[in-house]
Amino acid sequence: MSGFFASEVMRAALFPSTLIAIVASGMSVMILAHRLAFLAVGVSHATLAGLGLAVVLALPLLPTAAATAVIVSLMLASMPRHRGLNDDAGTGVLFAGAMALGIVLLSTASKYEVDLFGLLFGNILMASERDQYWLMWGSSIVMISLIWAARPWWSIAFDAKTAAASGLPVHLYRLLLYAMVGLSVVMCVKLAGIVLTTGLLVLPAACAWFWGRGLFGLWLISLLISLTGTWLGLFLSYILDWPSGATVVLTLCAFFGLSWAGSWLNQSIFGGSPQRIFD
Amino acid sequence: MSTPSVCLNHINVGHPEQWILNDINLIVEPGHFLGIVGPNGAGKSTLLHAIAGLIEPDTGHIDLFGECLSRFNRRKLLAQTGFLSQKQETPSMLPMRVRDVVALGLATYPAPLWNFSRHETKVKQALALTDTEALAERDYRSLSGGQQQRVRLARALATSPRLLLLDEPAAALDTHAQELLYRLLRRMCDEQGTAIIMVEHDIAAISGYVDSVACLNTRIHHHAMHGETIPEEVWHTMYGDHMHVVAHDSHCIGCHDQHKNAGDA
């Protein structure tokens, strides 16, 4: 344990990882409530286009990727409803198109020594000061939006039609939600990479779903799981010398397995209702 | 004379070749209970959706509480209405207590995410009105369809709306629950002056409770007040010539005169 904290690299990774864990825990509850897990997959892969663009045009990586992810998310929020496509089809089209564009752009920029492994699987240990600065800005925006719009977002997730009939500007709130999903995805890419980002944005709330009830309860459990999973994952990656992002996602997967098993045991053996534990 | 709760002026929805709603004019005063009947595809739900601001009419305008419903005052006017759709678009998978679902009716504005119980009294009142107090701590997902419908009605009532728009609210309810619901709605009209527009298929079930019935099939073919007869031709126009009208109850709006004539004969 002391070796972990003595390591300058690991100590430096703790702060950005914690920021990402906090953002991911809050957004994951909304992503599950609005059934946006596939959207998160699509947007995370679409950020490859932003990263490719940043590499080719020598722009800062995270802000360019963030702008791309938000634009793609907003396109997904608007496109399907007006053209008769469902969300899944729209996500599939943009996912494939943006990913292909990213691959083409990155292939033309091989001379810039792009850390493709870091992009695909994350590398929080290499977060620069500039990255940390952007992560702080991004997490502040996401958290303020989350606290400000949580109730309307929750209401829309429950029944969008009734929410609209009560005067709530559902489309505007949906645009904000999609934009925040895009921003969160880019932040998580730094820790888990394009391929594994969805894990950070789905698993904490998926675990919380077994135990929590109500928005606040779910968010608290999700936060607890996200922070514990991230810290434990980083620690394990240090002692086992495994890639940090993948280890964090594996730890969260283990939490999900334990939650599932615990919930099953509680219901089938003790006859309890797991949601009653954390009201 | 008080300001009407709803005033529809020459509402058209759809295209001239195939109107969904054609030249709808209707006034609903505070405390008035209006039933809307008509066959499938008559535009009943579309009419409710237009009044609830979910769709914009192609022509005509809608006044709510004396103000024209527009994008600028939409939020203010709709905050005073309660809406209950036929069913939820997608079944909710959110793990929520019933009382939290009812509190969602009050969540039309941004507020801190932990502040769900600030309107505890209103939530309790809405639960009491719909006889769902015993379900308050239950998980909404574990309720039956009928129970969920009552909880959703409680959610619509939580804001003490001046206007209630109900799309077949009794569809999932048993006969006893239906009767309780209609009685509750009648009481809300009489005691609180709430205006209610309710879409229903079964005119016989609601005729003892409503003040008037509008017969809708793209346009309003007849608007019958309590104690007035709906001519047989209207039923034939709406449902087709195969429709056979049987008088069963002198209190039923549709059967009033037929029943009297049958008695005279």
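The values are calculated or read from the model by the stated rules, or taken from the named source; none is laboratory data. Owing to the predicted nature of the structure, the values given are computational and were not obtained by experimental measurement. Here the Cβ is made from the backbone with ideal geometry for all residues, glycine too, and neighbour counts use every protein chain on show.
Quick notes
- Selection over the stretch A:135-160 of residues that are more than 7 Å from chain B (Cβ to nearest Cβ) and without any contact (Cβ under 8 Å) to a residue 12 or more places away in the chain gives a count of 3.
- Residue check for B:V37: touching a Lys or Arg at 6+ places or on another chain (Cβ under 7 Å), surrounded by 15 or more Cβ atoms within 10 Å (Cβ to Cβ) and touching a residue at least 12 places away in the same chain (Cβ under 8 Å): no
- Scanning the stretch B:158-196 for residues that are touching a strand residue (DSSP E or B) at 6+ places or on another chain (Cβ under 6 Å) and not β-branched (V, I, T) yields B:P161, B:L163, B:L164, B:L165, B:L166, B:D167, B:E168, B:P169, B:L185, B:C189, B:A195.
- If the condition is being assigned to a strand (DSSP E or B) and either more than 20 Å from the chain's Cα centre (by Cα) or aromatic (F, W, Y) (or both), then the stretch B:69-86 contributes only B:F83.
- Odd one out for B:R71, checked against (1) farther than 28 Å from B:K124 by Cβ; (2) facing chain A (nearest Cβ under 10 Å); (3) crowded, with 19+ Cβ neighbours inside 10 Å; (4) not hydroxyl-bearing (S, T, Y): (3)
- Residue within the stretch B:169-185 that is under 25 Å from B:L21 (Cβ atoms) and modelled with pLDDT of 90 or more present: yes
- Residue check, A:A261 under 25 Å from A:V43 (Cβ atoms), part of a helix (DSSP H, G or I) and not basic (K, R): no
- Among the residues of the stretch B:126-148, those identified as buried (at least 17 other Cβ atoms within 10 Å of the Cβ) and in a helix (DSSP H, G or I) are B:A126, B:L127, B:L129, B:L135, B:Y140, B:Q147, B:Q148.
- Residue within the stretch B:89-103 that is part of a helix (DSSP H, G or I) and either at the interface with another protein chain (Cβ under 8 Å from one of its Cβ atoms) or among the aromatic types (F, W, Y) (or both) present: yes
- Considering residues of the stretch A:215-248 that are surrounded by 23 or more Cβ atoms within 10 Å (Cβ to Cβ) and under 21 Å from A:A33 (Cβ atoms) only, the residue farthest from the other protein chains (Cβ to nearest Cβ): A:G229
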